[in-house]
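All of the numbers you see were taken from the coordinates with simple rules; none came from a lab. Just so it is clear, the structure is predicted and the values come from calculations on it, not from any experiment. Don't worry about glycine lacking a Cβ; one is built from the backbone with ideal geometry, like all the others, and counts go over all protein chains shown.
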Amino acid sequence: MLYREAGQFKSSYAEDQGIFPLRQDRIAFWVLMAVAFVVVPLIGDQYWLSAILTPFLIFALAALGLNILTGYAGQLSLGTAAFMAVGAFMAYNFVLRMPWLGIIPSFILAGLCAAAVGIVFGLPSLRIKGFYLAVATLAAQFFVLWALQRFGWFTNYSSSGVITAQEIVILGYAFKTPAQKYLLTLAIVALMALAAKNLMRSETGRAFMAVRDMDVAASVIGIPMMKTKLLAFAISSFYCGVAGALHAYAYLGTVEPEAYSLDLSFRILFMIIIGGVGSIMGSFLGAGFITLFPIFLNLASGWVSHALGVEISHATVSNLELIIFGGLIIFFLIVEPHGFARLWQIAKEKLRLWPFPH
Amino acid sequence: MSEVIFFFEVLAGGLLAGVMYALVALGFVLIYKASGVFNFAQGAMVFFAALTFVSLTERGWNFWLALVVTLAVMVLLGIVTERVVLRPLVNQPQITLFMATIGLTFVLEGLSQLIWGSQPHGLELGIPDVPMEWLSQKWNVNISQFDLFSAFVAGGLVAVLAVFFHRTRIGRALRAVADDHQAALAVGIPLQHIWAIVWAVAGFVALVAGLLWGVRNGVQFALTFVALKALPVLILGGFESIMGAIVGGLIIGASEKLAEVYVGPFVGGGIESWFAYVVALVFLLFRPEGLFGEKIIDRV
Amino acid sequence: MSAARRAGDVILSVQDVSLAFGGVRALQEVSFDVCEHEIRAIIGPNGAGKSSMLNVLNGVYHPQQGKIRLRNKEFADMDSHQAADLGIARTFQNIALFKGMSVLDNLMTGRNLKMRCNFLQQALWLGPAKREELEHRRAVEEIIDFLEIQHIRKTPVGRLPYGLQKRVELGRALAAEPAVLLLDEPMAGMNLEEKRDMCRFILDVNDHYGTTIVLIEHDMGVVMDISDRVVVLDYGRKIADGSPDEVRGNQSVVDAYLGVAH
């Protein structure tokens, strides 16, 4: 009864096609936005803002990028981190070499560079599918990281390979504190999530899903296979590229190839599997889970060792983390392939009737 | 003259490295043939097997006892995987199973290090990794004794597997299952047993690969990455062909070494990390089904 | 059916089309034509080459010989995208819907060729993109009403029963406002009631939109009832062509079907 749609009539297709057709959802969404933009920066401490919430948003953006490619267009990629790396390094170079450009245009250009790289590594998708393609995307992962380390231009010939990201300055205003960086990240992520939602509910998104569900039928009804697949790679890589730039500028503060290893690619894949394949909200839920869970595990191991009086080493905790992540992936694939997003939907359907079962 | 000899030395080194790749690729092919599962966890299985073996011997176990116990552990792992991961996912899309094996990879990596610790181990099988004397004296060619040994082991393994697949009842059942799950079920071949067996066999292959790779690079976490080396081999050779795994491995091994020596210097070296993938990708553009794979026809 | 009343000029013609897969000759020098607004059936025993013919017509298979003429344009062969562009839409024998998408979205994909906005406009959901989306939604809703599937509009197609999926697939083809609609066994696997509904929809489509329809069907009763003219194929060759009554009386057709219960 709490979550009731009765009495809400839609009198136009525009209303029916809104992002949140139900009033409750709209209210919940705006409350969430208000909390994220106003309450969190006011009450959040440094640690929460800079070590949890900002990376959460950035990973959510990368997961969203991967979800566009894998969840919507059905092309599995294991090279997400490489596209993030392109974004991070190109943003650094744009800011360094064309300082008059400003941060935001630099990020956009960096994203476009990632998109271009994505298109190149998406070309095999025109001939191969499934895990053949997944293996092919590994080529991106290895080649891009190799190139970034090998060619000094990318790192501005820095000797250590680790470069400090420039300060974020937009129109003379410097984003220095964790709260400022958090707000900037939040704004960018929110806008890009909205754009992704719009895309996925219009023709482009439908073409992606059609290719995912049955490519032969899609081409018979006139959906151009090449354009659709490459566009999916481009858009997805753009999102990952911007996420990579944010990762370097708003989170790490450094630009280094090691941050974008295969391990990160897997982590982001896990986010969408656990959060929900083919769901924008799922990308956020999955990123939240994967970001928070290790922190929770560390806390829990602290309690356990305190309670039992045994020392639990850091290595043990990180091995446990591997096991639990892996186990959860298998669990979700078996029990709920659509992840948290689907569980949330089921919960909402239950709430429509609650507390009356029928 | 010395340049020619050098070329052949590089080529031979590459081919022998290719044998090692093929050994890992073989594990993938076995499982794919029988169950259509692309088992990303093969690399983690190699690591798990090698680490278990080396940890047992370091605790003073006899070589053969450690070998048998490790093999038993791998068989058990195969059975558990079948029960817990594969059986609930039967009839799911291949890509789902693939992602499940990525999950399995993480579980195995965590588990091996949780049980045995994460410090690297050296491994010694009694065959020194030094150039063969008479070859270097007579022809001035340097080829490692251990590399040759590995090649023999790999060759022997392939022969044993070929006999197993073509001459034994279980082998025939395996091939029947690979051709058509439904039909195999219909004639009374118990799918679950077959899958458990094939995972156990793949575990055995992983053990052999793990030992050989362990001698070469030490038994450490980086062993899991040998699987990443085997993937281009699979693309090249096709997922379903044992022959393809061998030939693909040799091609990748040889071209990688040759490229590293002759092309590497011009681009700053280190191209081994991706060159195999690029070879495989270029190859894919012309023959998406691999060297020995079957042509896929889309039907409507 | 009064074919004479509705049938217009020839819109689609097939001339001496031959198609082989390796050594198997699926079609041998088949020729026939389709007039505007008519319902044209292709029948024949199993393996006669009916599906192959349909696949040639919309560019899934490429014939080794022969020509296809659509309106005034001639093609040696076409790819499926080109066929869609020229106004040929189809359904499939084994339903080829997009299972993860809702009925509404499936129908909307049918209109993809009519959408003009680029993905940047769509991402911003600004004026033109939103207007276009709503415009096409209106057109699709009309088809939804026409096919009486309002109640399942938002349901993912994968969850629908077989008969309804067939109807949705017809809807997706209709959404493209095709000049020629190809139906591959639209009634296969249906029960009597579903078949009756489907017949009604096919006739209504033909009547209401004036769509030219080419259909393959196994159920002879249905074919004879609804089609204006019938082509009969056997072993890849055309053995008869004419009105249902003419075809029914043709000796070679009777021979081809002897032993096949219908």
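Brief remarks follow.
- In terms of its C-alpha gyration tensor, chain A has a rounded overall shape, because the principal axis ratio a/c (a ≥ b ≥ c, square roots of the eigenvalues) stays below 1.5.
- Here residue B:152 and residue A:153 are evaluated by their C-beta separation; at R0 = 60 Å the FRET efficiency comes out at 0.80.
- Result for chain B in a Gaussian network model with C-alpha springs under 10 Å: among B:120, B:265, B:128, the largest mean-square fluctuation is at B:265.
- Using R0 = 22 Å, the C-beta based FRET efficiency linking residue A:20 and residue C:159 works out to 0.45.
- Peptide A:316-327 has a mean of 6 when you count, residue by residue, the C-beta atoms of other protein chains within 10 Å of its C-beta.
- Close amide-amide hydrogen proximity is noted between residue C:11 and C:34, C:35, C:36, each under 5 Å apart and 5 or more residues distant or on a separate chain (H modeled in the peptide plane; Pro and chain starts excluded).
- In this structure the amide hydrogen of residue C:66, modeled in the peptide plane, comes within under 5 Å of the amide hydrogens of C:18, none closer than 5 places in sequence on its chain.
- Most mobile listed residue (B:116, B:195, B:213) in chain B, GNM with C-alpha springs under 10 Å: B:116
- Coupling constants for segment A:107-119 follow from the phi torsions by the Karplus curve (6.51 cos²θ - 1.76 cosθ + 1.60, θ = phi - 60°), and in residue order they are 4, 5, 4, 4, x, 5, 4, 4, 4, 5, 4, x, 5 Hz; glycine and proline get x.
- Peptide C:71-81 is shielded by partner chain Cβ atoms: per residue, an average of 2 of them sit within 10 Å of its Cβ.
- Overall, segment C:97-175 carries a charge dipole of about 160 debye about its Cα centre when +1 sits on the Cβ of Lys and Arg and -1 on the Cβ of Asp and Glu, all other atoms neutral.
- Under a model in which nothing but the beta-carbon of Lys, Arg (+1) and Asp, Glu (-1) is charged, chain A shows a dipole of about 720 debye around its Cα centre.
- In chain B the longest region clear of GluC sites (Glu not before Pro) that are loop-assigned by DSSP and have at most 12 other C-beta atoms within 10 Å covers B:125-293.
- Within-14-Å neighbourhood charge of residue C:256 [Cβ basis; K, R +1; D, E -1]: +1
- Chain A: most fluctuating residue of A:251, A:260, A:157 per GNM, C-alpha cutoff 10 Å: A:157
- Here segment A:263-334 and segment C:141-175 have alpha carbon centers that stand 41 Å from each other.
- Radius 11 Å from Cβ of residue C:28, net charge of other residues (Lys, Arg +1; Asp, Glu -1): 0
- Calculated [222 nm] ellipticity per residue, helices only, for chain A: -21500 deg cm²/dmol; basis is -39500 (n - 2.57) per DSSP H run with n ≥ 4, divided by all residues, nearest 500.
- The mean count of C-beta atoms from other chains within 10 Å of the C-beta of residues in A:221-228, rounded to a whole number, is 6.
- Karplus-derived HN-Hα couplings along segment B:164-172 (A = 6.51, B = -1.76, C = 1.60, θ = phi - 60°), whole Hz, x at Gly and Pro: 4, 6, 9, 10, 9, 4, 4, x, 5
- Using the Cβ-Cβ distance between residue B:166 and residue B:193 with R0 set to 25 Å, the FRET efficiency works out to roughly 0.80.
- The phi torsions of segment A:274-285, fed into the Karplus equation with coefficients 6.51, -1.76 and 1.60 and a -60° offset, translate into couplings of 6, x, x, 6, x, 9, 5, 5, x, 4, 6, 4 Hz, rounded to whole numbers, with Gly and Pro shown as x.
- Charge dipole (debye, nearest 20) of the protein assembly as shown; +1 at Cβ of Lys and Arg, -1 at Cβ of Asp and Glu: 980 debye
- Segment C:28-102-segment B:1-26 distance, computed between alpha-carbon centres (Å): 53 Å
- Proximity of backbone amide H atoms, modeled 1.01 Å from N, is registered between residue C:239 and C:232, C:233, C:234 at under 5 Å, excluding neighbours fewer than 5 places apart on the same chain.
- Annotation: aspartates and glutamates with alpha-carbon distance below 14 angstrom to residue B:33 (same-chain offsets under eight excluded): B:179, B:180, B:240, B:294.
- With contributions of -39500 (n - 2.57) from each DSSP H run of at least four residues, the per-residue ellipticity at 222 nm computed over chain C stands at -11000 deg cm²/dmol.
- Local electrostatic count, residue C:62, Cβ distance below 11 Å [Lys/Arg +1, Asp/Glu -1]: -2
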